Amino acid sequence: MEGYAVEGGFDRAHEPSTCWVPSIAFGRHEGPGDALGLWRDYEQVIAWAPTLGLDGVRITMEWARIEPRRGVVDPVALERYAQVARYAQGLGLCVSAALVDAAWPSWLGQEAWLLPWVVPYALEHARRVVTYLGDAIDRVVFFANPDDLVTNGYLNETAPPWRRGASDDAASARIQIDEILRQLRADAAVGPKMVGPTATISLDLTSDECVAARVAAADSEEIYVRTLVHGRGPSAGPPGLLERGENGWSPTKSAQLLHVLR
């Protein structure tokens with residue numbers, strides 16, 4: 001689950017700000033607002049995962065929430081993520097921690113993946129999360145979608161830093177992303193929990209497309225079905241496996257695709 005889209009509590013006054021905040025301030029995008037309120041209610045959604053036949057969950061532990069200002073770490077945020085992870089493990093689920101998905105802290109800058117000084121901060125953030133959560137997480141995926149960070153940010157202008165056709169900068173960003181991953185794999189604390197390669201299968205595909213994606217992902221160490229819930233805001237995912245109604249959360253028609261993926 002991509003925290004920025006589902007948790008609520010980002011990019012408004014007195015809330016952690018992300019790389020999306022300039023676009024939201026200028027009215028180009030609508031922020032997530034209260035989103036789905038999962039910062040408070042994660043457990044209600046995660047409880048459905050075993051029923052849906054999932055063997056694990058991926059939770060994006062939002063960097064902007066954990067470190068809203070450079071060097072200012074929120075221990076309450078870290079403990080809440082640990083609480084959610086332990087709850088999921090208690091259900092028999094494998095817990096993967098994604099550390100950067102669609103959003104990163106505003107203090108890193110719009111061009112974060114081009115700036116060399118960001119590399120040590122990224123390593124520090126990964127070590128912090130892994131050290132604090134310890135056995136509460138089983139796996140770590142630093143970049144949930146590294147290809148999307150490059151393509152959407154530097155080639156097709158659909159995500160921060162909203163560049164179009166910047167092929168040279170896209171190549172440079174990819175080199176730096178790969179360097180961060182290389183250093184993390186070699187890190188004594190983070191490396192043993194790093195996962196790769198991973199594959200993402202979106203639930204907005206047709207059944208035939210899901211089958212093809214599942215075959216293509218056969219060699220992946222982790223297959224991530226995106227996503228349990230749809231979310232809100234500029235990074236909201238495709239239709240989710242669950243939706244909230246008057247009587248709480250229940251499976252959607254998308255859940256039928258899980259039978260195709262198994």
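How large is the translational diffusion coefficient of region 47-101 in µm² per second when you combine the Kirkwood radius over alpha carbon pairs with Stokes-Einstein at 25 °C and 0.890 mPa s?
Rounded to a whole number, D works out at 203 µm²/s.
What spacing in nm lies between the two simple spin-label points modelled at ARG28 and ASP135, each 7 Å away from Cα in the Cβ direction?
For the pair ARG28/ASP135, the computed spacing is 4.7 nm.
Once you have the Cα-Cα distance between GLU243 and HIS14, take 0.36 nm times their residue separation minus that, and quote the gain in nm to one decimal.
Taking GLU243 through HIS14 to full extension adds about 79.5 nm, to one decimal.
With viscosity set to 1.002 mPa s and temperature to 20 °C, compute the Stokes-Einstein D of region 1-64, Rh being the Kirkwood radius across alpha carbon pairs; µm²/s, no decimals.
The Stokes-Einstein estimate is 167 µm²/s.
For region 25-91, which chymotrypsin sites (Phe, Trp or Tyr not before Pro) are both in a DSSP coil and crowded by at most 11 other Cβ atoms within 10 Å?
Counting only loop positions with at most 11 other Cβ atoms within 10 Å, the chymotrypsin sites (Phe, Trp or Tyr not before Pro) in region 25-91 are PHE26.
Principal axes first, then extents: for the Cα atoms of the chain, list largest minus smallest coordinate on each axis, whole Å, largest first.
44, 43, 39
Write down Rg/Rh for region 133-218, rounded to two decimals, with Rg from the C-alpha atoms and Rh from the Kirkwood relation over Cα pairs.
1.05
How large is the convex hull of the Cα atoms of region 135-181 per residue, expressed in Å³ as a whole number? Walk me through the intermediate numbers first.
Values: hull volume 3.3 nm³, N = 47.
Dividing the Cα hull volume of region 135-181 by its residues yields 71 Å³.
Label-point separation (nm) for GLU79 and THR158, each offset 7 Å from Cα along Cα-to-Cβ?
Result for the modelled spin labels: 4.0 nm.
Roughly speaking, what is the stretch gain from ARG40 to ARG69, that is 0.36 nm per residue apart minus the C-alpha to C-alpha distance, in nm to one decimal?
Stretched fully, the ARG40-ARG69 segment lengthens by 8.2 nm.
When only DSSP loop residues count, what trypsin sites (Lys or Arg not before Pro) in region 23-75 have their Cβ near at most 11 other Cβ atoms within 10 Å?
ARG28, ARG70
Sort all Cα-Cα distances of region 74-183 into consecutive 5 angstrom bins from zero, then give the percent of pairs in each bin up to the one containing the longest distance.
With 5 Å bins starting at 0, P(r) equals 2, 12, 20, 21, 16, 12, 9, 5, 1, 0.
Can you give me the long-range amide H partners of VAL140? Hydrogens built in the peptide plane at 1.01 Å from N, cutoff under 5 Å, separation of 5 or more residues or another chain.
ALA97, MET194, VAL195
Give me the Kirkwood hydrodynamic radius of region 12-127 in Å, from all C-alpha pairs, to one decimal place?
15.6 Å
Between THR151 and LEU91, what is the label-point separation in nm under the 7 Å Cα-to-beta-carbon projection?
3.0 nm
So what is the relative contact order for region 3-261, in percent, with contacts set as C-alpha pairs under 8 Å and at least six apart?
19 percent
For n ≥ 4 DSSP H runs only, could you compute -39500 (n - 2.57) per run for the chain, divide by its residues and tell me the 222 nm figure to the nearest 500?
Computed mean residue ellipticity for the chain: -10500 deg cm²/dmol.
Every read-out reported here was derived from the displayed coordinates using simple, explicitly stated rules and does not represent laboratory data. Bear in mind that the values here come from a model prediction, so they are computed numbers and not experimental data. FYI the Cβ positions are ideal-geometry reconstructions off the backbone, even for glycines, and counts take in every protein chain you see.
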